[in-house]
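Data block below; observations after.
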Amino acid sequence: MGFADLSVAELAEDYKLSVEDVFSLCDQLGIAYKAPQTRLALEDVKAIILKIVAQRNDSDL
């Protein structure tokens, strides 16, 4: 499993979310984290981004 070299905090910043929002998505997806500086696996980042995009598309309806 590769690493995306993105932390929870960086992902939150990139998608204009709070760190708590990203923690919530991690919890929903079963992704382990310890702190905002936790580096995420590439597959985990992809899953979080897909969830963010899906939620934003749902809110556009």
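General remarks:
- Tallying residues that are at pLDDT 95 or above and open to solvent by 90 Å² or more (accessible area, probe 1.4 Å) within segment 51-61 yields 0.
- Test set (1) at pLDDT below 95; (2) over 10 Å from the mean Cα position of the chain (by Cα) - Leu40 fails condition number: (2)
- Scanning segment 13-28 for residues that are open to solvent by 70 Å² or more (accessible area, probe 1.4 Å) and part of a helix (DSSP H, G or I) turns up Glu13, Asp14, Glu20, Asp21, Asp27, Gln28.
- Selection over segment 39-50 of residues that are in contact with a helix residue (DSSP H, G or I) (Cβ under 9 Å, 6 or more places away or on another chain) and either of a type in the set (Gly, Ala, Ser) or surrounded by 16 or more Cβ atoms within 10 Å (Cβ to Cβ) (or both) gives a count of 6.
- Test: residue in segment 44-58 that is over 10 Å from the mean Cα position of the chain (by Cα), of a type in the set (S, T, N, Q) and part of a loop (DSSP other than H, G, I, E, B): no
- Taken over segment 29-43, the residue count meeting the criterion of being touching a strand residue (DSSP E or B) at 6+ places or on another chain (Cβ under 6 Å) and in a helix (DSSP H, G or I) is 1.
- Close pairs from segment 28-47: first among the acidic types (Asp, Glu), partner open to solvent by less than 70 Å² (accessible area, probe 1.4 Å), Cβ under 7 Å, at least 6 apart: Asp44/Ile31
The values are calculated or read from the model by the stated rules, or taken from the named source; none is laboratory data. All values derive from a computational prediction rather than experimental measurement. We place every Cβ from the backbone using ideal geometry, glycine too, and count neighbours over all the protein chains shown. Quick note on the areas: whole protein, heavy atoms, side chains included, nothing else; ligands and nucleic acids left out. Shrake-Rupley method; radii C 1.70, N 1.55, O 1.52, S 1.80 Å.
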